[in-house]
Amino acid sequence: MLRPLIRAVSRAGRGLGRPVAALGVGTALCLGALAAAPAASATTGATGPGGLPAPTSTLQQVTDFGPNPTNLKMYLYVPQHVHPHPAVIVALHYCGGSGPAFFGGTEYASLADQYGFIVIYPSVTRTSLVCFDVSTPGALTHDGNSDPVGIVSMVRYVEKAYHADKQQVFATGISSGAMMTNVLLGDYPDVFAAGSAMSGVPFGCFATTDGSLWNSTCSSGQLSMTPEQWGDLARAAYPTYHGPRPRMQLWHGTADAVLLYPNFNGEVAQWTNVLHADLAYVDSPQPTWTHSVYVDKAGKVQVDAYSVAGEDHNLGFHYFDWAKLAIQFFGITDHQDD
């Protein structure tokens, strides 16, 4: 069932989750630091984040989309000129955020207008910690009993309702959403073709068994493993799967004080191990960026890693163009440009 929302959601909600209070040993809350932003409209000439034209279609809420053990909400953006068999991007919000806030604070809907893909914006409904579950055993298992199940139900709904290309399904997110991007690629390598994670942690790093959904050892960058150990964590989510694995793009600021920078190194180690990728070259697209590209034996880019010197946890809202670089990495701009 589709439920129309307003045509252009307010562009507020551009800050990221950050810990603001301790709840017992090793537990913390993340809340969205909502930065003021101009409201967007659907009128001609209106602009969204990064100066792109504001979205022209309507964000809709979808209900009854399939198994959803944690009662996530599903919001959907279908551009007016959607491509036949479109690609699908799952865009995942930060702690304290929501699907509509992420729609309003990122470029993905505007890029969907340009390239004809569909965007799914999952939204957490739990109130104790408004973050995606990337911690419980049920979240770190293929076909478990937590958020990944509901998110994949959303994907399958879109694949069926819009005849989407099952080979062109991608995940992306910031902070908690970046962490979930890592989880989805580990849990469902048969569903996702690639991901782009902005300021996240490796798959399994945030694992807990106390119900807190927060792991201070991981967030502080103190969980150290070999590349093989990191890779084993991701492979263990779906141990019977032996098919191709999704590619990964990674972003992190060196001054991140919420999910500390060593987590970036862990992500690179994990996914280069999983994808059997070796360093091909390093360049600097911008003065503070170190861009490391890892390829497989065939020379195909498997891991695309951006380290940004001096940047904090709000990196994703300081460089709006990362969304364009993400869809370029996915290959959407190669295949679906008009």
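Just so you know, all these numbers are worked out from the coordinates, no wet-lab data involved. Computed from a predicted model, the values in this text were never measured in an experiment. Note: ideal-geometry Cβ built from the backbone for every residue, glycine included; neighbour counts use all protein chains shown.
Points worth noting:
- Spatially proximal lysines relative to LYS160 (Cα-Cα < 22 Å; intrachain offsets below 8 disregarded): LYS73
- In order along segment 129-134, phi translates into HN-Hα couplings of 8, 7, 10, 6, 7, 10 Hz, rounded to whole numbers, per the Karplus curve 6.51 cos²θ - 1.76 cosθ + 1.60 with θ = phi - 60° and x for Gly and Pro.
- In sequence order, calculated HN-Hα J values of segment 204-212 (Karplus, 6.51, -1.76, 1.60; Hz; x Gly/Pro): x, 4, 8, 4, 9, 10, 9, x, 7
- Relative to the 2.2 N^0.38 Å rule of thumb, segment 98-229 has a C-alpha radius of gyration ratio of 1.07.
- Mean projected area of the Cα convex hull of segment 2-335, taken over all directions, amounts to 15.5 nm².
- Database remark: amide H of THR141 closer than 5 angstrom to no amide H (H placed geometrically; neighbours at sequence offset of 5 or more, or on other chains; Pro and chain starts carry no H).
- Close amide-amide hydrogen proximity is noted between GLY173 and LEU92, SER196, MET198, each under 5 Å apart and 5 or more residues distant or on a separate chain (H modeled in the peptide plane; Pro and chain starts excluded).
- 3J(HN,Hα) from dihedral phi, segment 85-96, Karplus parametrisation 6.51/-1.76/1.60, rounded to Hz, x for glycine, proline: 6, x, 5, 10, 10, 8, 10, 10, 7, 7, 4, x
- By the count of neighbouring beta-carbon atoms within 10 Å, fewest first, TRP271, TRP289, TRP230 end up ordered TRP289, TRP230, TRP271.
- Quotient of the Cα radius of gyration of segment 116-188 and 2.2 N^0.38 Å, N being its number of residues: 1.10.
- Amide hydrogen proximity for LEU250: with H placed 1.01 Å from N in the peptide plane, the residues at 5 or more positions away or on another chain lying under 5 Å are ALA197, ASP304, ALA305, TYR306.
- Order of LEU92, LEU185 under a 10 Å beta carbon neighbour criterion, fewest first: LEU185, LEU92
- Per-residue Cβ neighbour rank within 10 angstrom, fewest leading, THR333, THR226: THR226, THR333
- Dipole magnitude (debye, nearest 20) for segment 2-335, charges at Cβ of Lys, Arg, Asp, Glu: 680 debye
- Once the convex hull of all Cα atoms in segment 245-334 is built, its volume per residue stands at 96 Å³.
- Three-way shape call for segment 185-338 based on the alpha-carbon gyration tensor, with the a/c threshold at 1.5: oblate
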